[in-house]
1. Using DSSP to call loops (not H, G, I, E or B), can you name the GluC sites (Glu not before Pro) in the stretch 71-149 whose Cβ has at most 16 other Cβ atoms within 10 angstrom?
2. Which values of log₁₀ I(q)/I(0), to two decimal places, follow from the Debye formula for the stretch 66-137 at q = 0.22, 0.25 Å⁻¹ with a uniform point scatterer at every Cα?
3. Would you mind counting up the charge near GLU55? Only other residues with Cβ under 14 Å from its Cβ, with Lys and Arg at +1 and Asp and Glu at -1.
4. Which of the aspartates and glutamates could a cross-linker bridge to LYS13, judged by Cα under 14 Å and excluding same-chain residues fewer than eight apart?
5. Given the C-alpha centroids of the stretch 227-247 and the stretch 129-171, what is the distance between them in whole angstrom?
6. Using Cα centres only, tell me the gap between the stretch 34-64 and the stretch 78-118 in whole Å.
7. Once you keep just the Cα pairs under 8 angstrom separated by 6 or more residues, what percentage relative contact order results for the stretch 92-159?
8. What order, most packed first, do the peptides 22-34, 66-78 have when packing is the mean number of other Cβ atoms within 10 Å of each residue?
Amino acid sequence: MSQPMIEIKEVSKWYGPVQVLNHCSVSINKGDVVVVCGPSGSGKSTLIKTVNALEPFQQGEIFVDGVPLHDPKTNLPKLRSRVGMVFQHFELFPHLSVTENLTIAQVKVLGRSVDEAKARGLKMLDRVGLMAHKDKFPGQLSGGQQQRVAIARALSMDPIVMLFDEPTSALDPEMVGEVLDVMVNLAKEGMTMMVVTHEMGFARKVASRVIFIDVGGRILEDCSKDEFFGNLEARQPRTKDFLNKILAH
């Protein structure tokens with residue numbers, strides 16, 4: 001068996017006295033699309049941010065493509081450059097054009113030439129359908145367009161895995177679809193993805209697995225999407241309650 005792309009083993013984290021992750025273990029293989037859902041404050045975003053070491057954790061182990069995140073000798077910036085991350089609030093540089101946003105990290109982190117970085121960045125911009133906007137600034141774009149630029153920026157770094165932290169929650173409802181479409185295509189192309197989202201339609205469409213985390217950072221479910229949505233009787237009472245609330249709308 002080839003090693004998992006992401007391996008989270010018994011990870012626990014506290015903010016002071018408050019435990020936000022409780023012995024979380026997840027194994028994600030190449031090409032898996034894993035949707036992480038659960039109520040607000042359950043530690044979903046914290047869990048995903050531990051995978052590229054944006055959030056330190058106090059117990060457990062995390063491996064990304066075999067590299068141990070918990071090992072003090074690991075070069076975290078190098079590892080982070082291989083793990084694409086898309087945040088809720090885009091995190092684009094407002095004073096840089098779209099093209100500059102796409103190229104700056106490639107040049108600074110990967111050491112690419114400006115021309116090479118630009119070619120790669122524009123290719124990814126085209127992939128998310130925004131080539132016409134290459135010279136604009138983030139403030140001239142809609143939220144959905146900014147998020148697609150953020151996805152293109154992450155893809156420009158040639159990541160081995162993509163992490164999405166509630167990528168549509170800051171968007172107007174009519175812009176959600178354009179971002180999810182890009183993510184659906186990425187999934188179809190075989191990108192390994194870990195997605196924190198409330199978009200159950202997306203989960204039903206593309207997830208290979210669904211993980212449900214409850215408040216206190218405990219993983220209650222880790223199963224295929226068919227099991228998760230199709231076999232409610234086998235779910236934990238807390239999950240049923242959550243699903244009934246979400247799917248009722």
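Values in this text are rule-based calculations from the coordinates and carry no lab data. Fair warning: this is a prediction, and the values are worked out from it, not measured in the lab. Because the Cβ atoms are built from the backbone with ideal geometry, glycine has one as well, and the counts that use them run over all protein chains shown.
1. Working: sites: GLU91, GLU100, GLU116; in loops: GLU91.
Those satisfying the criteria are GLU91.
2. Once normalised to I(0) and log-transformed, intensities are -1.05, -1.21.
3. On the way: positive: LYS13, LYS44, LYS49, ARG80; negative: ASP165.
It works out to a net charge of +3.
4. Straight-distance partners of LYS13: GLU55, GLU61.
5. Distance between centres, Cα-based: 32 Å.
6. Measuring centre to centre over Cα atoms gives 23 Å.
7. Values: 79 pairs, mean separation 30.4, N = 68.
Averaging sequence separation for qualifying contacts and normalising by length gives 45 percent for the stretch 92-159.
8. Averaged packing, sorted descending, gives the order 22-34, 66-78.
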